[in-house]
1. Specify the residue that is surrounded by the fewest Cβ atoms within 10 Å (Cβ to Cβ); the eligible residues are those in the stretch 6-29 that are outside any helix (DSSP H, G or I) and under 25 Å from the mean Cα position of the chain (by Cα).
2. What pairs come up if the first residue lies in the stretch 55-80 and is without any contact (Cβ under 8 Å) to a residue 12 or more places away in the chain, the second is outside any helix (DSSP H, G or I), and their beta carbons are under 6 Å apart, counting only those six or more places apart or on different chains?
3. Working only within the stretch 285-318, note down all residues that are of a type outside the set (Val, Ile, Thr) and touching a residue at least 60 places away in the same chain (Cβ under 8 Å).
4. Condition first: touching a residue at least 24 places away in the same chain (Cβ under 8 Å), surrounded by fewer than 20 Cβ atoms within 10 Å (Cβ to Cβ) and under 14 Å from the mean Cα position of the chain (by Cα). Can you find one or more residues in the stretch 129-148 that meet it?
5. How many residues, within the stretch 169-220, are away from the ligand (no atom under 11 Å from the Cβ) and either out of contact with any Asp or Glu (no Cβ under 8 Å at 6 or more places or on another chain) or free of Cβ contacts under 8 Å to residues at least 24 places away in the same chain (or both)?
6. When only residues in the stretch 82-123 that are free of Cβ contacts under 8 Å to residues at least 60 places away in the same chain and of a type in the set (Gly, Ala, Ser) count, which is farthest from Val187 (Cα to Cα)?
7. Determine the pairs where a residue that is farther than 21 Å from Glu25 by Cα and more than 10 Å from the ligand (Cβ to nearest atom), located within the stretch 150-165, has a partner that is modelled with pLDDT under 95 and not in a helix (DSSP H, G or I) with Cβ atoms under 9 Å apart, the partner being 6 or more residues away or on another chain.
8. Restricting to the stretch 30-74, name every residue that is over 23 Å from the mean Cα position of the chain (by Cα) and among the acidic types (Asp, Glu).
Amino acid sequence: MTATLSEPDLERHFEGTIARDARIEPRDWVPEGYRKTMIRQIAQHAHSEIIGMQPEGNWITRAPSLRRKAILLAKVQDEAGHGLYLYSAAETLGADRAELTEKLVTGRQKYSSIFNYPTLNFADVGVIGWLVDGAAICNQVPLCRSSYGPYARAMIRICKEESFHQRQGYELLMTMMKGTEQQRRMVQDATDRWWWPSLMMFGPPDADSPNTAQSMAWKIKRHTNDELRQRFVDMTVPQAEALGVTLPDPELRWNPERGHYDFGEIDWTEFKRVLSGAGPCNAERVAHRRAAHENGAWVREAAAAHAAKSRRGREKAA
Ligand code: FAQ
């Protein structure tokens with residue numbers, strides 16, 4: 001049916017769908033810029049979930065109890081699942097998953113800056129759940145209303161699982177805070193190290209964000225980077241108080257006029273350094289992903305050979 005419509009008609013249909021707050025689906029015509037933006041954001045998000053398995057995966061063999069180990073294994077498996085739904089969503093836009101992986105392992109596509117920081121002690125596992133999953137939820141709940149149907153639908157399940165991840169992190173930290181003085185120091189140390197990188201997860205300030213205006217117009221993003229960062233700070237300060245840790249920002253205080261917490265300046269030089277590949281763990285993360293991909297080549301070959309054999313069998317039978 002779309003073949004009979006001219007490009008201006010298709011464009012009007014697309015704009016109308018966005019204006020009505022309806023969903024764009026894989027069958028629909030989309031402007032090339034929309035397709036590219038959507039593939040970029042979904043691929044970066046998928047890569048983040050897959051690379052994001054590494055910092056916590058580092059602690060699976062050293063979890064302090066069977067219960068903590070089972071929880072951590074389940075969480076890391078969920079992240080693999082999120083990566084897979086997201087790669088599938090990117091495929092509905094015509095992206096090739098093998099190509100996306102190739103771009104990741106050759107440094108041509110980004111993943112979240114947050115996963116380039118090391119996990120130095122077990123409290124980091126709790127703080128990743130509390131702050132990193134907390135920031136991810138804050139950013140992703142509005143994406144459940146994103147204009148691209150397959151992405152928005154994937155986000156519903158992802159957010160549900162991430163909210164469980166956030167709670168497990170907070171519960172782990174609560175337990176440690178009720179423990180020894182040394183455990184409390186570990187939690188404070190992990191909070192000090194992860195706070196600022198968590199704020200960077202929301203992306204550059206709005207004034208320096210090249211994609212926000214267009215992505216908001218296309219209703220891919222529903223809020224700007226700064227709006228979501230502020231929402232995260234407002235939500236997290238009372239949680240830190242309840243936990244009994246200090247957030248490492250002397251300028252953090254309630255501003256009754258704005259009805260929000262004011263906070264200090266983020267080190268954007270560090271953010272840019274991490275994005276350029278020079279963060280503390282960038283090289284290690286990508287090398288590990290590349291090795292896992294290469295080691296898995298035989299599985300992909302075997303799966304393709306099996307699929308071809310089944311296809312030949314079906315053709316013969318027909
Ligand atoms: N890190 O113009 P903007 C998770 C890039 S999942 C790296 O503002 P946009 C789950 C940006 O892509 C975490 N790159 O861009 C989990 C753009 O790149 P370009 C991932 C960043 O897209 C938890 C350039 O800078 N979540 O944590 C970052 O409008 C625990 C200019 O920026 C998502 O991907 C960054 N922090 O807004 C797993 C959510 N920020 O154009 C394991 C979906 C910006 O040069 C354990 N994505 N860039 O290629 C989004 O909401 C958006 O893409 C933003 C960026 C908000 C991240």
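1. Asp21
2. Here the result reads Lys69/Ala63, each pair linking the stretch 55-80 to a residue that is outside any helix (DSSP H, G or I).
3. Arg285, His288, Arg289, Arg290, His293
4. yes
5. Total satisfying the criteria: 23.
6. Among residues in the stretch 82-123 that are free of Cβ contacts under 8 Å to residues at least 60 places away in the same chain and of a type in the set (Gly, Ala, Ser), the one farthest from Val187 (Cα to Cα) is Gly94.
7. Going by the 9 Å Cβ cut-off, there are no qualifying pairs.
8. Glu32 - this is the single residue of the stretch 30-74 that is over 23 Å from the mean Cα position of the chain (by Cα) and among the acidic types (Asp, Glu).
The values are calculated or read from the model by the stated rules, or taken from the named source; none is laboratory data. Since this is a predicted model, take the numbers as computed values, not measurements. As a convention, Cβ positions derive from the backbone with ideal geometry for all residues, glycine included, and neighbour counts pool all protein chains shown.
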